[in-house]
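Here the structure is laid out as structure tokens; the discussion comes afterwards.
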Amino acid sequence: MEIKIIGRSPECDFFYEDPFISRQHLQFVKYSDFDYRIIDIDSTTGTYVNGQKIPPGTEYKLEKSDVVKIGNTLLKWNEFFKTPSKTVSQPDIYATKPDEEVLNKNSGNLEPTLPNELFEMVKAFAEDGVYTEKEQIALKSYCQTHNIDYEKYIEPLINEAIFNVNKNKKEQELKNQNDSQNNKTIHNYTVDTMGDLVFKPLYATFGQRLGAFLIDAIILSVLEVLISFVYVSLNGMYDYEDLLILNVLYIVISWFYFAILESSKAGATFGKQAVGLFVVNENNNRISFFQASGRFFARILSVLILFIGYLMPLWTEKKQALHDLISGCIVVKK
């Protein structure tokens, strides 16, 4: 069995520069010299054989007379992979723009050819990556005049074209950003296969973490002084038992301070926010209150080994302290 992928991406075995073909549109499977099948890979605009749309993910057995349409490209069927010596660059299947000869095949079962003028309109409207209401009215009016089903044929095409334009824009923006920085830093975002900007972390340095720690320490110290002042005002001078109660109270306040703020939407304590840091999990997602709590209490181990756990960002790959490694957290820059 041989499998080949047909689509718009250059990574496909056979690719065509048709903006209305998905990046990976169609799978071609050879079971034997007499058994060839195609499978639509859940494409945006669909796959049509002799004018009939085939269900995505379903095998369709090809006959020699079949004509396959993907996007604005017709694939005329000849014998494919007839001999092993044939290469991918010289397939026995070739693309062509729709013409009357093909459309008249199979007693007119194929879909009507869309006018080239219409494709030019679609490309022009999609050029800036925005499909305005005025442009939509113009296309619908054109389709109505020429008896073309807008929702079936044109809407998928314009959506696919706009998607490609916006993806290319994002890739160019990222390239320009990288060029402007002379590639000296790791950037926070990259373009994924769906054309979206996805987060790529910049790990916090030891100096930034130390600055955030000092700010948080000052904030908590002020809170502790205020609490002690209120306690003494209400109860007078406190003894050893009172001191123990206050220490437990300080720990609880510190726990809630770190756990609530680091698991919040901001993902950071006030100290981290001040220096532009926040805490994420190893999948670059917001951490939970329980994970933030685990990170807080894991600090005990960082202290017990003579504060070496706090120094570990100096040599760990993702600049993680011991309590970060234990809790599965990473401190990153905004």
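For region 281-334, a residue qualifies if it is assigned to a strand (DSSP E or B) and closer than 20 Å to Ile215 by Cα, and the qualifying residues are Ile330, Val331, Val332, Lys333.
Against the criterion of being touching a residue at least 12 places away in the same chain (Cβ under 8 Å), hydrophobic (A, V, I, L, M, F, W, C), within 18 Å of Gly328 (Cα to Cα) and not in a loop (DSSP other than H, G, I, E, B), Ala259 qualifies. Of all the residues in region 19-49, those that are in contact with a Ser or Thr (Cβ under 9 Å, 6 or more places away or on another chain), open to solvent by 10 Å² or more (accessible area, probe 1.4 Å) and without any contact (Cβ under 8 Å) to a residue 60 or more places away in the chain number 5. When Glu111 is tested against (1) open to solvent by 50 Å² or more (accessible area, probe 1.4 Å); (2) modelled with pLDDT under 80, only condition (1) is not met.
Table: residues versus (1) in a helix (DSSP H, G or I); (2) touching a His at 6+ places or on another chain (Cβ under 8 Å); (3) modelled with pLDDT under 80.
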{"position": "Asn147", "(1), (2), (3)": "no, no, no"}
{"position": "Lys152", "(1), (2), (3)": "yes, no, no"}
{"position": "Glu173", "(1), (2), (3)": "yes, no, yes"}
{"position": "Ala212", "(1), (2), (3)": "yes, no, no"}
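Of all the numbered requirements in (1) more than 30 Å from Glu282 (Cα to Cα); (2) open to solvent by 70 Å² or more (accessible area, probe 1.4 Å); (3) at pLDDT 80 or above; (4) not polar (S, T, N, Q), Leu234 misses one, and that requirement is (3). List every residue pair whose Cβ atoms lie under 6 Å apart, where the two residues are 6 or more positions apart in sequence or sit on different chains, the first residue falls within region 300-315 and is closer than 18 Å to Ala204 by Cα, and the second residue, located anywhere, is among the basic types (Lys, Arg) and not in a helix (DSSP H, G or I). From region 300-315, the pairs are Pro313/Lys319. Take Tyr94 and decide whether it is open to solvent by 20 Å² or more (accessible area, probe 1.4 Å), within 16 Å of Asp18 (Cα to Cα) and at pLDDT below 50. Yes, satisfied. Restricted to region 238-284, and to residues there that are of a type in the set (Ser, Thr, Tyr) and over 27 Å from the mean Cα position of the chain (by Cα), the residue that is most open to solvent (accessible area, probe 1.4 Å) is Tyr240.
Among the residues of region 54-73, those that are farther than 16 Å from Gln27 by Cβ and over 31 Å from the mean Cα position of the chain (by Cα) comprise Glu63, Lys64, Ser65, Val67.
The values are calculated or read from the model by the stated rules, or taken from the named source; none is laboratory data. Note that the structure is a prediction, hence the values are computed from the model and not measured. When we count neighbours, we look across all protein chains shown, and the Cβ atoms used for this are built from the backbone with ideal geometry, even at glycine. Accessible surface areas use protein heavy atoms only, side chains included; no ligands, DNA or RNA. Shrake-Rupley method; radii C 1.70, N 1.55, O 1.52, S 1.80 Å.
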